[in-house]
Each structure stands twice: as structure tokens, then as C-alpha cells.
Amino acid sequence: MSAEPARIIVCTPFGRDGAIASGLIRDAGFDPVSCTDLPEILALLPPALPDALCLVITEEALLEGERSQLAAWIESQPPWSDFPVIILGSRGQELDERLAFLNHGHIVLERPFSAASLKSAVASAARARTRQLQVKAYIEEREKSDERQKLLIRELHHRVKNTLANVQAMLGATARSHTDIESFTRAFSSRIVSLSRTHEKLTEDYWQTASLRRILTQELDIYDTKAGRFTIEGPDTHLVSDIAVPLGMAFHELATNAVKYGALSVEEGGIHVRWSIEETEDNRHLTLSWQETGGPAATTPTRKGFGSVLLERVLTVQCNAEIQTDYAETGFSLHLTMPLPKSRLVPRY
């Protein structure tokens, strides 16, 4: 909180009231802000001067000025607000009926007033305004909490829809690439486990992101049978779920294919993954290469399995990725570039 004293607006354009009132207000620990007429007051009222806690004004300043704009400002206050007004009136006289628009949130002090009376009135008004501002802060926090809850519900809706779509795609592609129940069950179960591991990484983080390095290493660590078999190089970066889930599934498919047909099918084979992040003021881009070495010569597949479908349809469409594959005698390689959103974009339903 600021160490500066709270502001009190003072409008006493005639006589010595202004100097006396400002001095007493200062003695009470507040900062008086003096003005001479109603237009100046309107330029100081919240939100123009958000830390102003009340207005001290003489009755004649109100009666001789154009009050309609002040009345409109008072009428337009939000439900939590009842800005305090201390009116310095005349002894023995009731408040002029033209000031009826001030019938809420005002205190009348008869002149000549005592120092204690003014200080007490200002302190009381300041406490009332402080409580109002606390109510405002509470309401705003509740609204933010409600919005966060709505966002999480939309996020859950979006995540479930995407997950079910991924499972459906896995089911169809796995079924087309296997001819017996046993091999289908084994392959499909493995892919579901990979998907669940990526989701687990996402839910560990409040902001629903996952580390690129952790996603990659969790797929390769189970095949790390000797030192130096894998090279993983690149800056650690966190991916939003729209990118993390399909990319984690892609790493799983690449590792699975390497075990079946590529570098991980022989003891001497290895995989080298390198990536870099290019960051500008508005965008980030990931460039990643997957290179298999020491294994059998790679051959272009004669039919598309789930891995090909995932790379061509999910990564290119959902992640706007550009992918190049090379089935060379020295081993399979993949080069990928894609934009990396800096924030999670959740559609409204």
C-alpha cells in the first residue's frame, strides 16, 4: 500500500473556511486537495482521483454553482459506492431543499465548527469510503474468480473434446494397421498410456503447460539401454496444451516406429533430437529435428499408419506445423517447424 496520505477534496471558495479546513484536515493525517468551484470538483472526483475519500464543501459553493453535473455523477455511482460529502452549513438553518440530491452519504457541520468536529467528520467519512472500496475490491475479486471458473469449464470442455477426437483417431488408425486383437490391444493401450502421461504433465502445472524436454525424455527414457544412445539438445520451453498433447503423441509414435523399424531396433542405434526457439516481439517458432543413426536403412512406408496420420493431419492442421521426412539409408529423419502460442486460447461455447 502507498505511504502517501489519502486525499480529501476541499471546496470552500469564500472567506477563511478553506484555509482553516485544509489545515485541520492536514493535521488529521489527510492530504487536502483544494478547488474553487463545481467544475474543478468534477475533474477531481473518482475515478479521476481514485484515492479521494470524501468531499468537504460549503453550502454556498453548492448553491451558487451549476449542480446538475454533480447530481448526475452522484446518481451514476455503482451500487457499492456512496461517496461521502461533508457540507459546511450555517448555524440554525436547515439544508437548502435544492441540495436534496445529496440526501445519501452526506454530513452537515454547522459553522463555526470546532476542530474536533471537522476532524471527526472527515475521519468517519474516510472510514466509510475505505469500507466501500473494500467492498469494490471484494466484488471485483469475485468477478475474476467467476471468470476464472468459467474459463476452466471452457478449458475442460475443449480438452475433453480434443482428447476424445484424438482417441477416436488412434482407435481407427490402430485398427487399420493391425490384423489381430492381441497386437491391436497392445498398440492401442500403449498409445493411450502415452496420451495419459502427457495429460499428467499438463495437469501438474497451474497454467496448463508442459515442458518440451520432459515430454520428449519420458518417451525415450524407457529405451535408454546404454549411455550415449540419445542426444537431446535445446532450450527448455513450456508448451500450451493445444501443442503439448499432439506433440507428445508424435514423439511416442516416432519412438515406437524407431523400436519396430528404425534405430532402436538394433543395439547400436541412436536418436538425436535438437531444437531451437526463435522469438520475436509477437511470435515464437519451434524448429526441431529428429535424426536416427546406426540402424537399418530407412524405407518409405507403403501404407499410412497412425504415425503418418498424426503427423499429416493433427500436427499440420491443429498445430500449423510444417513437416519434412526423409527415409535415407543412413536412417530416418524428421524436420519440424511450428508456431508456439504464448498463451492458451480457449474458445467460447
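A few points about this structure:
- Qualifying helices (runs of 4 or more DSSP H) (wholly inside the range 1-81; at least 1 residues being open to solvent by 30 Å² or more (accessible area, probe 1.4 Å) and aromatic (Phe, Trp, Tyr)): 68-75
- Any hit, the range 86-101, residues being of a type in the set (A, V, I, L, M), without any contact (Cβ under 8 Å) to a residue 12 or more places away in the chain and part of a helix (DSSP H, G or I): yes
- Conditions (1) at pLDDT 75 or above; (2) within 32 Å of the chain's Cα centre (by Cα); (3) open to solvent by 50 Å² or more (accessible area, probe 1.4 Å); number of the one not met by Pro301: (2)
- The range 184-217 - residue that is small (Gly, Ala, Ser) and open to solvent by 40 Å² or more (accessible area, probe 1.4 Å) and, of those, modelled with the lowest pLDDT: Ser196
- Filtered by the rule that a residue be of a type in the set (Val, Ile, Thr) and either modelled with pLDDT under 70 or open to solvent by less than 90 Å² (accessible area, probe 1.4 Å) (or both), the range 304-329 gives Val309, Val314, Thr316, Ile323, Thr325.
- Subset of the range 247-276 [out of contact with any Asp or Glu (no Cβ under 8 Å at 6 or more places or on another chain), closer than 17 Å to Ala321 by Cβ and not in a helix (DSSP H, G or I)]: Ser276
- Lone unmet requirement of (1) within 23 Å of Ile74 (Cβ to Cβ); (2) touching a residue at least 40 places away in the same chain (Cβ under 8 Å); (3) of a type in the set (A, V, I, L, M) for Leu45: (2)
- Val108 vs. criteria outside any helix (DSSP H, G or I) and either in contact with a helix residue (DSSP H, G or I) (Cβ under 9 Å, 6 or more places away or on another chain) or on the phi < 0 side of the Ramachandran plot (or both): yes
- Scanning the range 277-295 for residues that are open to solvent by 30 Å² or more (accessible area, probe 1.4 Å) and either more than 19 Å from His238 (Cα to Cα) or in a strand (DSSP E or B) (or both) returns Ile277, Glu278, Glu279, Arg284, His285, Thr287, Ser289, Gln291, Thr293, Gly294.
- Total residues in the range 262-272, condition under 14 Å from Ser333 (Cβ atoms) and surrounded by fewer than 21 Cβ atoms within 10 Å (Cβ to Cβ): 3
- The range 121-145, subset open to solvent by less than 70 Å² (accessible area, probe 1.4 Å) and of a type in the set (S, T, N, Q), residue nearest to the chain's Cα centre (by Cα): Ser145
The values are calculated or read from the model by the stated rules, or taken from the named source; none is laboratory data. Model, not experiment: these values are computed from the prediction. With ideal geometry, Cβ positions are generated from the backbone for all residues, glycine too; neighbour counts draw on all protein chains shown. The protein model used for the area step is the full one, side chains on, heavy atoms only, and it has no ligands, DNA or RNA in it. Shrake-Rupley method; radii C 1.70, N 1.55, O 1.52, S 1.80 Å.
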